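> Could you have a look at this structure, given as structure tokens, before my questions?
Every read-out reported here was derived from the displayed coordinates using simple, explicitly stated rules and does not represent laboratory data. Predicted, not measured: the structure shown is a model, and the values here were computed from it. Cβ: placed from backbone, ideal geometry, glycine included. Neighbour counts: every protein chain shown.
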Amino acid sequence: MAEYDLIGLGNALVDSEFHVTYSFLKKNGFEKGTMHLVDNDEQTNLLNSLEKEYGKPSLACGGSATNTIFAASILGSSCSYICKVGNDKNGNFYLNDLSDAGVNIDHSIKLDSEIGSGTCTVMVSPDAERTMSTCLGISSDLSASDVAEEIFSDSKLIYLEGYMMSGDDSYNACLEAIKLAKKKNVKIAFTLSDPNIVSAFKERMLNILNSKVEVLFCNDEEAKVITDLENSEQALKKLGEYSDKVFVTLGSKGAMILENGDIEYVSGYEVDPIDTNGAGDMFAGAVLNRLLLGNSNKDAASFGCFLASRGVTVFGPRLERDDYLKYQKEFDIL
């Protein structure tokens, strides 16, 4: 029997989240809804500017795969996480927050280093859209040698994030994870993560996809960028060449599913959104939890849409921990 239902491999970031105005984004040169990679000095200057204007931020352990593993763990999946942090305030906060959610962190690495832990500054505009400034820090140094083979002997599925394509070491860590997963018959799930990342690192993305992943997640825009197709259904069909199960999120409209060439639509849930940060990650966590339990793709996607719709009604990348199980029960009696 596998010890872990799900392994995550991704960037380890501490999110600092602020409500901001459109004028702040424009003044600082941010395109709303995108993610920007910055160095430590740029991140520090941005944080200082935000705190001066908006006060102290809300903090959470973050990163795309982190949010997904966090949700799956709270929902009942046994999870472990592979990442790298510094032996500093942010690194300790990150690992403690993840561990408190029931995620095993034995394969996460904490190092004394001049390079600090990764951070993500999340700026939420009045329309609930999130714009991110990310300093990967020591997280980008996660390498192939940090991926331990033994964890794959005890696991069912590994989840990889597209943001890992942005660094040579982290990209190679993903390739090593895929090699070990195939050797140990562990299934692979992959998320494209962000349209800008897809555009900038398309060759690496396609290399991952050509290895054939069992489950693929993306949003509508990412699907179009990776396939160079403007029609959503055509893009989804193209993605079926890389994976037998493809989930494409459509925001409040719900999601599209492709299984063995057939497209199915799943309706979304109407809510008044406050913050869309982490919604796609929460969707993926809910879907993977249901798939691991043997549920159908449609049921898994419906639950993903339901949970994500509740997630966007609160500020921050996740719900209160008791709320995950509360909404799980609510969905099951719908």
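> Once each part is reduced to its C-alpha centroid, what is the distance from the range 109-133 to the range 225-300 in angstrom?
25
> State the extension gain, in nm to one decimal, for the chain segment bounded by GLU233 and VAL314, taking 0.36 nm per residue of separation less the distance between their alpha-carbons.
The GLU233-VAL314 span can extend by a further 26.0 nm.
> To the nearest 0.05, what FRET efficiency results for GLU330 and ASN92 with a Förster distance of 25 Å applied to their C-beta separation?
That gives a FRET efficiency of 0.10.
> What are the ³J(HN,Hα) couplings of the range 141-150, residue after residue, when phi is run through the Karplus curve with 6.51, -1.76, 1.60 and θ = phi - 60°? Round to Hz, x for glycine and proline.
Karplus-based 3J(HN,Hα) across the range 141-150 equals 8, 4, 10, 4, 5, 8, 8, 7, 5, 4 Hz.
> Of the listed pairs LYS110/LYS187; LYS156/LYS184; LYS26/LYS202; LYS56/LYS110; LYS182/LYS237; LYS156/LYS202, which have alpha-carbon separations greater than 20 Å here?
Violating the 20 Å limit, Cα to Cα: LYS110/LYS187; LYS26/LYS202; LYS56/LYS110; LYS182/LYS237; LYS156/LYS202.
> Provide CYS83, CYS61 in ascending order of the number of other Cβ atoms located within 10 Å of each residue's Cβ, fewest first. Show your work: numbers first, answer last.
Working: CYS83 32, CYS61 27.
With the sparsest Cβ surroundings first, the list reads CYS61, CYS83.
> For the chain, what is the calculated [θ] at 222 nm in deg cm²/dmol (nearest 500), taking -39500 (n - 2.57) for each run of four or more DSSP H residues and dividing by its residue count?
Helices in the chain give a 222 nm mean residue ellipticity of -12000 deg cm²/dmol.
> Looking at the chain only, what percent of DSSP beta bridges run antiparallel? Nearest 5 please.
On the way: 22 of 59 bridges.
That works out to approximately 35 percent antiparallel.
> Once you treat every alpha carbon in the range 1-138 as an equal point and sum by Debye, what is log10 I(q)/I(0) at q = 0.10, 0.13, 0.15, 0.20 Å⁻¹?
The Cα Debye sum returns log10 ratios of -0.35, -0.57, -0.74, -1.13.
> Another question about this same structure. Can you give the percent of C-alpha pairs in the range 159-300 whose distance is more than 22 Å?
Tail fraction, whole percent: 36.
> Which of ILE115, ILE69 comes first, and how do the rest follow, when ranked by fewest Cβ neighbours within 10 Å?
Working: ILE115 16, ILE69 31.
If I rank by nearby Cβ atoms, fewest first, I get ILE115, ILE69.
> Moving to a separate point now. With Kirkwood radius over Cα pairs in Å defined as stated, name the option among (i) 20.7; (ii) 19.6; (iii) 21.3 computed from the structure displayed.
(ii)
> What is the Cα centroid distance between the range 151-183 and the range 23-58, reported in whole angstrom?
Using only Cα atoms to place each centre, the spacing works out to 31 Å.
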